[in-house]
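What follows is a single structure, written as structure tokens, with notes after it.
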Amino acid sequence: MDYTKHLYMTLYPNNALIGSHLEPEQFARHYTSGSSRHYSGKVIFAQIDPDYRNDYFPIDEVYAELVPHEDGRPKATKFIKSYRVLEHVDFSAIQRLYLVTQEGHALGLDAAPHDAEHEKDKIRLYAEITPMRMMALSEHDFPTFGKYITDPTKSKSAPRQFYTQIDVDLIEFINDFEKNPFAPSPVRNIHPSTLRDGFYELKKYIDKHNKGIALDSNLDQFSFAIIRHGFMFASQDETKFFPMPELGTIEKEHFKFFRTM
């Protein structure tokens, strides 16, 4: 049987370029529950233009090896590259972004302009996803943060970065935490005092605009429901934004994903 050849770039939990016969929803289920290299947790991947080529990737050679199994089953994954992948993928080749729950339910996101209004002097919480995976507090707005973390003059930067913003009202949280020191953190993998101290540090020092607060963003520790705006690919020269639908829309149109997000 002649299957269509797809090109996928996984972004979480690892960054790799993969050839596959599976459609996106099938690929999502395979990656979360169908692989012999079992993985339990969220997955994020992008559908890449199957005609995309870059000399860094031996795509045609792998495509030639992408053949069905002897019993006719489609080939689920054929790894092309698993090192410095995002750095070598043009943003124009990224067609769609898929968020996958631990149960294998996928939500496809389409690219759109980022036109949100930015509140001045607001401190935001960002989760870097690949290749860096830190969590940071920042005074930068969503696209400006991408410019900052891809600045080659910075010690903590990468040529390209995929990241998101976490929807947390830090002022409300800190006010509650000051009244109740046993109040839980709004993000499970960050201690509440770490959030508070980082917030106060940015407010105290005028010349400081960013504060790392966790070495690993670990998306499995929080729900897709607290993603603010969506997901951003950034470099020094460009960005590509994939907005997150409203929760009501997800519940109405993608209930299985909503129930497990």
Got a sec? Which of TYR31, TYR12 is more than 15 Å from the chain's Cα centre (by Cα), buried (at least 20 other Cβ atoms within 10 Å of the Cβ), among the aromatic types (Phe, Trp, Tyr) and not assigned by the TED database to the domain that holds ASP237? TYR31
Please tell me if ALA76 is part of a loop (DSSP other than H, G, I, E, B), touching a His at 6+ places or on another chain (Cβ under 8 Å) and either of a type in the set (Gly, Ala, Ser) or open to solvent by 50 Å² or more (accessible area, probe 1.4 Å) (or both). yes
From the list PHE258, PHE177, which residue is in contact with a helix residue (DSSP H, G or I) (Cβ under 8 Å, 6 or more places away or on another chain), without any contact (Cβ under 8 Å) to a residue 40 or more places away in the chain and open to solvent by 20 Å² or more (accessible area, probe 1.4 Å)? PHE258
Could you count how many residues in the range 224-244 are open to solvent by 20 Å² or more (accessible area, probe 1.4 Å) and either of a type in the set (Gly, Ala, Ser) or free of Cβ contacts under 8 Å to residues at least 12 places away in the same chain (or both)? 2
Inside the range 106-157, can you point out the residues that are buried (at least 20 other Cβ atoms within 10 Å of the Cβ) and among the basic types (Lys, Arg)? ARG124
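Okay, residues lined up against (1) within 18 Å of the chain's Cα centre (by Cα); (2) among the acidic types (Asp, Glu):
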site: ILE206; (1), (2): no, no
site: LEU219; (1), (2): yes, no
site: PHE231; (1), (2): yes, no
site: PHE242; (1), (2): yes, no
site: GLU253; (1), (2): no, yes
site: THR260; (1), (2): yes, no
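The values are calculated or read from the model by the stated rules, or taken from the named source; none is laboratory data. Keep in mind it's a predicted model, so treat the numbers as computed, not measured. Here Cβ is always computed from backbone atoms with ideal geometry, including for glycine, and neighbour counts include all displayed protein chains. Each accessible area value is taken on the protein alone, full model and side chains, heavy atoms only, with ligands, DNA and RNA left out. Shrake-Rupley method; radii C 1.70, N 1.55, O 1.52, S 1.80 Å.
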